[in-house]
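Contents: one structure, followed by commentary.
The values are calculated or read from the model by the stated rules, or taken from the named source; none is laboratory data. These numbers come from a predicted model, not from an experiment. So basically every Cβ, Gly included, is an ideal-geometry build from the backbone, and we count neighbours across all protein chains shown. Calculation scope for accessible area: heavy atoms of the full protein, side chains included, ligands and nucleic acids excluded. Shrake-Rupley method; radii C 1.70, N 1.55, O 1.52, S 1.80 Å.
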Amino acid sequence: MFMGIDVGTSAVKALLMDDTSAIVAEADIALSLSNPHPYWSEQNPADWWEATLQAIDLIMANNARALSQVRAIGLSGQMHGAVVLGEDDTPLRPAILWNDGRAKAECDDLESALPGLALRAGVVAMPGMTAPKIMWLRKHEPDVFEAIRTVMLPKDYIRLHLCGEKATEMSDAAGTLWLDEEARAWNPDAIAATGLNADQLPPLFEGSDATGTLRPDLAARWGMNKNVVIAGGGGDAATGGMGAGAVTHGAGFISLGTSSQLFVASDRYRPKPELLLHSFAHAVPDRWFQMAVLLNGASCLAWVAKMLGETNISDLLARTEAQHKKPSDLMFLPYLSGERTPHNNPYARGVFFGLGTNTTREHMVQAVLEGVAFALADAQSCLHAAGTHCELPGVIGGGARSLYWTQMIADIMGTPLARYQGGAKGPAFGAARLARLAAKDGTIEDVCTPPVIENVLKPDAHRHEQYLPRMAKFRRLYDALANEFQDH
């Protein structure tokens, strides 16, 4: 058995996988998010560890024998989060997350100090990245900054608790702005520009490397043997790629999780920062990927359901689909947490346009689903402009469970999409595959096969044509409001 642990934004997920890639057991523990000020987004790292313990305990309660056969554990997590530890390796403050927008000025400062940074870091400086957040701390919380002994990423804080080792790997380090993506090594110029030294960052590994072994007390707690390997793991985008089999050039997927990504694997480093694409190191050696990143995905559906007092999202989607006759007259900009590709605007916010006395909750939900799909089509345009194409992207993440929504996305993007057997494979699954590689149980090609396709959703040509003028209006609406978002 192999375990994957994913430190997400909304939950920590633990998953058991056997050596045929079959999922044997899984458990989720919900997390809460703190927004103490406008544009801020934080979580307490201690909550991640407590949720990890609870998730594995839950699996043990019903699958003790399978758990005892675990040979390795792989880690995945939300990228970019700034976890700052003091001398005693405890967090000095809550972690600043990927969807936090406070550090826009620090991005400008960093790019002024290092004009060529984007070509080495694979992306322009954005507030969600780790480095600008540390610069923000230096300016606004100097006592915290001075006390920093180590800067970590979310999944690596879990590693520290699991095995006592400080380490990270290429795909998560890729999202800090401190990694030289092509060299797969820390960039000393970028580190120095943020006021840190290299000793304050963990050593770098590949995601398929072993980084330590499980602590004896935890092995005893869960009935595991004493030499369970802790794999390097990966950032959630890269582990999503491992789970979807996106490890060869041109293979890709769409993630419909809390945020959304369009991900395409590459055989070499291909930076396109001018298109606001992320060109990052993959979780396995000598591979990279290009990615268009949207800060808003299935979280928009969860938000509108909560706002409408709807607790059964499946029922809400069924009612919305039943009344769906044509593209919605209502327009929704899905930028509840700002946006990266193609706008790099942390101040952008969600907008309903066209509300009327006849607007129903189902109309609002349809507009939200279409708004996320329009944003994905925008992101796809950036990849195509870079010459990057994926013939048949798979769809992963919680939103992939909805056949209605994924067909809508195919129609709007004009792209066939694959849905996988066994539901929405996610980052925890990819982390378990990295655990298997770290245990030396197979090659990348043997382990990271694409899941079996359940069905292929082909775009309907008539519906695609109907959506084209709505897509143009979606873009005009953002352009009309872009300056208003900046007035904060």
- In the chain, carbon and sulfur make up what percent of the accessible area (probe 1.4 Å)? 51 percent
- Note on the structure: One point scatterer per Cα, no solvent, Debye formula: log10 I(q)/I(0) for segment 245-377 at q = 0.17 Å⁻¹ comes out as -0.90
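Pull out a ≥ b ≥ c, the square roots of the eigenvalues of the alpha-carbon gyration tensor of segment 317-396, then state rounded if a/c is under 1.5, prolate if not and a/b is larger than b/c, and oblate in the remaining case. Provide the component values of the computation, followed by the final result.
Values: a/c = 2.70, a/b = 1.50, b/c = 1.80.
It comes out oblate by the Cα gyration axes.
What's the Cα-based Rg to Rh of the chain, Rh via Kirkwood?
Values: Rg = 21.4 Å, Rh = 22.5 Å.
A ratio of 0.95.
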- Query: Taking the Cα centre of segment 2-118 as origin and charging only Cβ (+1 Lys, Arg; -1 Asp, Glu), how large is the dipole, in debye to the nearest 20?
  - Reply: 300 debye
- Query: Using modelled backbone amide H atoms (1.01 Å from N, in-plane), which distant-in-sequence or interchain residues come within less than 5 Å of ILE96's amide H?
  - Reply: ALA82
- Item | Separation in nanometres of the label points that stand 7 Å from Cα toward Cβ, at SER112 and ASN197 | 2.7 nm
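Given the convex hull over the Cα atoms of segment 1-151, what projected area results after averaging over all orientations, in nm²? Show your work: numbers first, answer last.
Numbers: hull surface 43.6 nm².
Over all viewing directions, segment 1-151 projects a mean Cα-hull area of 10.9 nm².
Give me the percent of Cα-Cα pairs in segment 159-284 that sit more than 26 Å apart, rounded to a whole number.
Working: 2448 of 7875 pairs.
Everything past 26 Å amounts to 31 percent.
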- Of every Cα-Cα pair in segment 411-480, the percentage lying beyond 16 Å is 66 percent
- When the charge dipole of the chain is computed with +1 on Lys and Arg Cβ and -1 on Asp and Glu Cβ about the Cα centre, the Cα farthest towards its positive end, among ASN312, PHE2, HIS37, belongs to ASN312
- Message: Can you tell me which lysines have their Cα less than 20 Å from the Cα of LYS326? Leave out same-chain residues fewer than eight positions away.
- Response: LYS458, LYS473
- Query: segment 91-219: Rg/Rh from Cα coordinates, Kirkwood Rh?
  - Reply: 0.97
- Relative contact order as a percentage, the chain, C-alpha pairs under 8 Å and 6+ apart, gives 16 percent
- Message: Can you order the peptides 225-232, 347-354 by their average number of other Cβ atoms within 10 Å per residue, highest first?
- Response: 225-232, 347-354
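Around LYS13, what is the net charge, scoring Lys/Arg as +1 and Asp/Glu as -1 over all other residues with Cβ under 11 Å from its Cβ?
Working: positive: none; negative: ASP6, GLU26, ASP28, ASP236.
Surrounding charge for LYS13 is -4.
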- Query: Which percent of Cα pairs goes in each bin when the distances of segment 54-95 are cut into 10 angstrom slices starting at zero?
  - Reply: 21, 29, 29, 20
- Message: Per residue, how large is the accessible surface of segment 143-252? Use a 1.4 angstrom probe and give square angstrom.
- Response: 31 Å²
- Straight-line reach from LYS139: which lysines have Cα under 20 Å away, leaving out those fewer than 8 places along the same chain? LYS104
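Give the calculated FRET efficiency between GLN69 and ALA461 to the nearest 0.05, with a Förster radius of 35 Å applied to their Cβ-Cβ distance.
Values: r = 50 Å, r/R0 = 1.43.
Efficiency at R0 = 35 Å is approximately 0.10.
When Lys and Arg each count +1 and Asp and Glu each count -1, what net charge do the other residues less than 15 Å away from ASP47, Cβ to Cβ, add up to?
Working: positive: LYS13, ARG93, LYS155; negative: ASP6, ASP28, GLU42, GLU50.
Local charge sum for ASP47: -1.
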- Query: What does the highest-first list of 367-374, 274-281 look like by mean Cβ count within 10 Å?
  - Reply: 367-374, 274-281
